[in-house]
Amino acid sequence: MTKPLEICLFRHGEVEFDKWAWSSASSLRALVEHYDSQQIILPPTTPPPANHFEVVVCSCLPRSISSAKTLFQRYDRSDELFREAELPNLPPLPLKLPAIILFVIARMMWRCGAEENCESYAAFKGRAKDAARELVGIAETNTNVAFVGHGLINFFIAQELLQLGFEGPKAPIREHWAGPCIR
């Protein structure tokens, strides 16, 4: 009897970033680059390692790699295929807003079709589909895989895995350090 495939989708740890710092729309690209380069904030108690995974996969972003090392003391593969969805540039706005609000506005614009300086929503969905199929391929060879990713990519990977016949929750847990297993 063969073991069932298991792919667990973890969200990276919280990032050291002041999301309430007031910024202009023209500084969004610099904010995104700063956020992407930051390390994680270790939780008050380090999550217990889950060492039953044969392979640990993460995105190429530092927060994903650091989280994999914290959760599993290793990562076996890091790839751009698994990175988070990018944000488009914002048009000039005559006011400053908290960084988190700028991120939300940019994400909504991206979802509505804005793609200046980033991949389109359709391209991202295609990449998430490819990422899910890549994780399935890894699981077929290794049985169980831990993936340390990001909010949106985890959501779309989970959706694709469910369409491929896996069973699990329809939406991954959005909390840092957490994630469901899909079998």
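The values are calculated or read from the model by the stated rules, or taken from the named source; none is laboratory data. Only a predicted model underlies this, so the values are computations on that prediction, with no experimental measurement involved. Reconstructed Cβ throughout: ideal geometry from the backbone, glycine too, with neighbour counts over all protein chains shown. Quick note on the areas: whole protein, heavy atoms, side chains included, nothing else; ligands and nucleic acids left out. Shrake-Rupley method; radii C 1.70, N 1.55, O 1.52, S 1.80 Å.
With angles folded into 0 to 90 degrees, how steeply does helix 121-142 sit against the dominant principal axis of the chain? Use alpha carbons for both and round to 10.
20
Please find, in a Gaussian network model of the chain (springs between Cα atoms separated by less than 10 Å), the residue of Gln163, Gln39, Gln73 whose mean-square fluctuation is greatest.
It is Gln163.
If you filter region 2-107 for GluC sites (Glu not before Pro), then keep DSSP loop positions with at most 12 other Cβ within 10 Å, what is left?
On the way: sites: Glu6, Glu14, Glu16, Glu33, Glu54, Glu80, Glu84, Glu86; in loops: Glu14, Glu16, Glu54, Glu84, Glu86.
Hits after loop and neighbour filter: Glu16.
Could you tell me which of rounded, prolate or oblate describes region 139-183, using a ≥ b ≥ c as the square roots of the eigenvalues of the alpha-carbon gyration tensor, with rounded for a/c under 1.5 and, failing that, prolate when a/b is larger than b/c and oblate otherwise?
Oblate.
Return one number: the angle in degrees, 0 to 90 and rounded to the nearest 10, between the long axis of the Cα atoms of helix 28-37 and the longest principal axis of the Cα atoms of the chain.
30
For each cysteine in the chain, check whether another cysteine's C-beta sits under 4.7 Å from its C-beta; list those where none does.
Lacking a cysteine Cβ partner under 4.7 Å: Cys58, Cys60, Cys112, Cys118.
Once both axes come from the Cα atoms, what is the angle between helix 151-163 and the longest principal axis of the chain, in degrees from 0 to 90, rounded to 10?
Its long axis makes an angle of about 40 degrees.
Per q in 0.19, 0.26, 0.27, 0.32 1/Å, what log10 I(q)/I(0) does a Debye calculation on the alpha-carbon atoms of region 105-158 return?
-0.70, -1.03, -1.07, -1.26
Per the 1.4 Å probe, what fraction of the accessible area of the chain, in percent, lies on carbon and sulfur atoms?
Here carbon and sulfur together make up 56 percent of the probe-accessible area.
Quote the charge dipole size of region 2-121 about the Cα centre in Debye, to the nearest 20; the model charges only the Cβ of Lys and Arg (+1) and of Asp and Glu (-1).
280
If N is the number of residues in region 48-155, what value comes out of its Cα radius of gyration divided by 2.2 N^0.38 Å?
Cα Rg divided by the expected 2.2 N^0.38 Å: 1.25.
Could you work out the equivalent-ellipsoid semi-axes for the chain, taking the square root of 5 times each eigenvalue of the Cα gyration tensor, largest first, in whole Å?
So the three semi-axes of the chain are 30, 19, 12 Å.
Describe numerically, in nm with one decimal, the distance between label points set 7 Å from Cα along Cα→Cβ at Glu119 and at Asp18.
Computed distance between label sites Glu119 and Asp18 equals 3.2 nm.
How large is the accessible surface per residue of the chain, computed with a 1.4 Å probe and reported in Å² as a whole number? Please list the in-between numbers first.
On the way: 9330 Å² over 183 residues.
Normalised by residue count, the accessible surface of the chain is 51 Å².
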